[in-house]
Amino acid sequence: MNTLLDTLRRSVGENHVLVEGPGRELDAYLQDWRRRWRGRALAVVRPGSTAEVAAVVRACAKAGVSIVPQGGNTGLVGGGVPDASGTQVLLSLQRLHRVRGIDAANLAITAEAGCVLQAVQEAAAGAGLLFPLSLAAEGSCTLGGNLATNAGGTQVLRWGNSRELCLGLEVVTAQGEVWEGLTGLRKDNTGYDLRDLFVGSEGTLGIITAATMKLAPMPAATMTALAACESLAGCVELLNLARARLGSGLTGFEVMGRFALDLVARHFPQLPRPLPSAPWTVLLEHSDTESEQSARGRFETLLGAALEAGTVKDAVVAESLAQSQALWHLRESIPLAQSEEGLNIKHDISLPVSAIPEYVARTDALLTQRFPGARLVNFGHLGDGNLHYNLQCPEGGDAKRFLAEHEHEVNRIVFDALVPFGGSFSAEHGIGALKRDELAARKSPVALALMRKVKAAFDPKGVLNPGRVL
Ligand code: FAD
Ligand code: ZN
């Protein structure tokens with residue numbers, strides 16, 4: 001292995017091959033964001049260019065050493081940290097962080113994989129344009145990680161997932177070759193779509209080193225509102241009313257259950273809560289191409305109609321950017337409040353929006369019957385049919401013990417209940433290590449066999465992120 005380390009040092013520079021040792025903490029690379037997985041690595045390697053990434057892959061492939069690619073290490077399914085063997089190389093893309101160019105007339109930006117999402121948004125804004133991918137981890141997650149996980153976030157109902165925003169990719173293959181697939185073309189039917197195979201492959205098919213992404217005109221005004229509903233069916237009704245009235249101006253539609261917001265109030269009492277507690281609270285965002293006045297007018301008309309129809313019981317429109325941010329902050333604080341409350345069982349499910357009220361009613365009943373006192377923390381991207389349908393142990397209970405004893409059964413109840421509605425057990429966070437067995441058990445044998453053939457074709461020696469996804 002010393003010869004491999006020497007080759008890696010020659011390829012990327014002595015300072016960019018890190019090995020664990022006294023005084024050398026590599027937790028930032030080896031432990032995941034949720035602190036659920038902590039691995040060990042033969043070395044953490046930080047190449048600074050596509051050519052260096054390719055050299056690292058060639059050296060590792062030759063030595064029979066597997067590679068775990070990593071961006072911002074904010075993934076939630078344990079796909080970006082090495083296993084416990086200490087034999088894998090952790091390849092960090094963080095030094096590939098250049099914005100290579102913006103083609104404003106073609107509404108496209110080309111940036112390297114290690115660019116932090118927020119930096120891509122800022123580069124686009126600097127050119128007067130919008131890069132619409134947005135999620136709570138945007139200050140640390142990277143463009144490469146977003147594409148590798150096909151990340152969703154809060155703007156999906158208007159702009160789609162990372163996949164829909166991606167025009168082209170540059171990828172280092174498992175053989176250490178470079179696929180130059182960077183293109184700004186919106187139409188290109190020249191054979192199989194390699195780009196779409198790499199997007200969402202979670203580091204198992206190739207290493208994304210750069211991407212060309214779609215941009216959009218910057219809206220003239222963006223406005224946020226909260227609305228209180230008595231039922232989830234009411235929230236779905238509001239969604240359809242908002243779609244009809246605002247059309248493509250509806251850029252965000254998040255739902256928050258009462259207990260989710262109660263947890264925020266308990267752990268972050270300093271955060272303002274502009275509406276009284278309600279069974280369901282919706283956060284709506286409207287982006288207007290005309291002006292702030294027009295945005296406010298359309299929002300007020302929509303909410304007025306919803307109040308009149310009884311769909312909504314109460315509503316408030318943010319008066320300023322600061323108030324808008326405070327409303328988003330409320331929504332984004334739910335996962336943190338949950339962590340403060342203690343260990344919990346997280347789900348990231350999707351369903352046809354029309355099926356959500358019935359799914360939740362049925363599954364709430366199954367769970368509370370089986371686990372009396374269990375607390376359901378339900379929130380998420382309702383506009384995309386995506387819920388973070390989480391479960392906290394009964395008040396005052398031993399969360400660690402509850403998880404150890406019941407996590408498996410809770411997952412089974414939640415995932416089985418999706419089947420009659422055609423739902424998915426992983427909407428936006430991916431499979432990684434966490435849901436690998438679930439994929440094997442729940443995906444059709446035909447789909448699994450095709451996936452295994454794709455993996456074998458791209459990475460026959462299993463160099464890239466083995467044991468993840470499949
Ligand atoms: P990492 O965590 O480093 O890696 C994730 C996976 O991609 C790993 O399997 C890794 O091997 C692989 N990978 C990373 N970079 C590359 C590359 N260049 N080439 C090939 N493979 C690579 N996700 C959503 O979809 N929507 C949300 O709203 C959302 N909100 C979040 C909020 C918080 C607070 C946090 C912590 C996470 C959230 N996530 C969300 C999870 C989401 O998957 C990540 O935030 C993000 O997409 C991962 O980017 P990353 O750079 O951190 O990737
Ligand atoms: Zn989410």
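The values are calculated or read from the model by the stated rules, or taken from the named source; none is laboratory data. Predicted, not measured: the structure shown is a model, and the values here were computed from it. Glycine gets a Cβ as well: all are built from the backbone with ideal geometry, and neighbour counts include every protein chain shown. Just so you know, the surface numbers come from the protein's heavy atoms only, side chains and all, with ligands and any DNA or RNA stripped out. Shrake-Rupley method; radii C 1.70, N 1.55, O 1.52, S 1.80 Å.
Some observations on this one:
Rundown of residues vs (1) within 14 Å of ligand 1 (Cβ to nearest atom); (2) among the charged types (D, E, K, R); (3) touching a Gly at 6+ places or on another chain (Cβ under 8 Å), yes/no style:
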position: V120; (1), (2), (3): yes, no, no
position: W159; (1), (2), (3): yes, no, no
position: L169; (1), (2), (3): yes, no, yes
position: T173; (1), (2), (3): yes, no, yes
position: R195; (1), (2), (3): yes, yes, yes
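- Verdict on G380 being within 14 Å of ligand 1 (Cβ to nearest atom) and open to solvent by less than 20 Å² (accessible area, probe 1.4 Å): yes
- In the set (1) of a type in the set (A, V, I, L, M, F, W, C); (2) open to solvent by less than 10 Å² (accessible area, probe 1.4 Å); (3) on the phi > 0 side of the Ramachandran plot, the condition left unmet by L107 is number (2).
- The set of residues from the range 19-38 being among the basic types (K, R) and within 16 Å of ligand 2 (Cβ to nearest atom) comprises just one member, R34.
- The one condition in (1) open to solvent by 30 Å² or more (accessible area, probe 1.4 Å); (2) under 19 Å from the mean Cα position of the chain (by Cα) that E428 fails to fulfil: (1)
For every residue, the table says whether it meets (1) within 16 Å of ligand 1 (Cβ to nearest atom); (2) over 18 Å from the mean Cα position of the chain (by Cα); (3) hydrophobic (A, V, I, L, M, F, W, C); (4) under 25 Å from R273 (Cα atoms).
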{"site": "S350", "(1), (2), (3), (4)": "yes, no, no, no"}
{"site": "V353", "(1), (2), (3), (4)": "no, yes, yes, no"}
{"site": "Y359", "(1), (2), (3), (4)": "no, yes, no, no"}
{"site": "Q392", "(1), (2), (3), (4)": "no, yes, no, yes"}
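- Residues that are free of Cβ contacts under 8 Å to residues at least 40 places away in the same chain, open to solvent by 20 Å² or more (accessible area, probe 1.4 Å) and hydrophobic (A, V, I, L, M, F, W, C), drawn from the range 149-205: W179, L185, L194
- Meets criteria (modelled with pLDDT of 95 or more, exposed (fewer than 13 other Cβ atoms within 10 Å of the Cβ) and under 21 Å from P335 (Cα atoms)) for R401: yes
- Selection within the range 32-56: residues that are within 30 Å of R100 (Cα to Cα) and assigned to a loop (DSSP other than H, G, I, E, B). The member of this set that is most open to solvent (accessible area, probe 1.4 Å) is W33.
- Options L387, L418, L382, L376; residue that is more than 20 Å from I334 (Cα to Cα) and under 23 Å from the mean Cα position of the chain (by Cα): L418
- V77 vs. criteria within 16 Å of ligand 2 (Cβ to nearest atom), open to solvent by less than 20 Å² (accessible area, probe 1.4 Å), β-branched (V, I, T) and in contact (Cβ under 8 Å) with a residue 60 or more places away in the chain: yes
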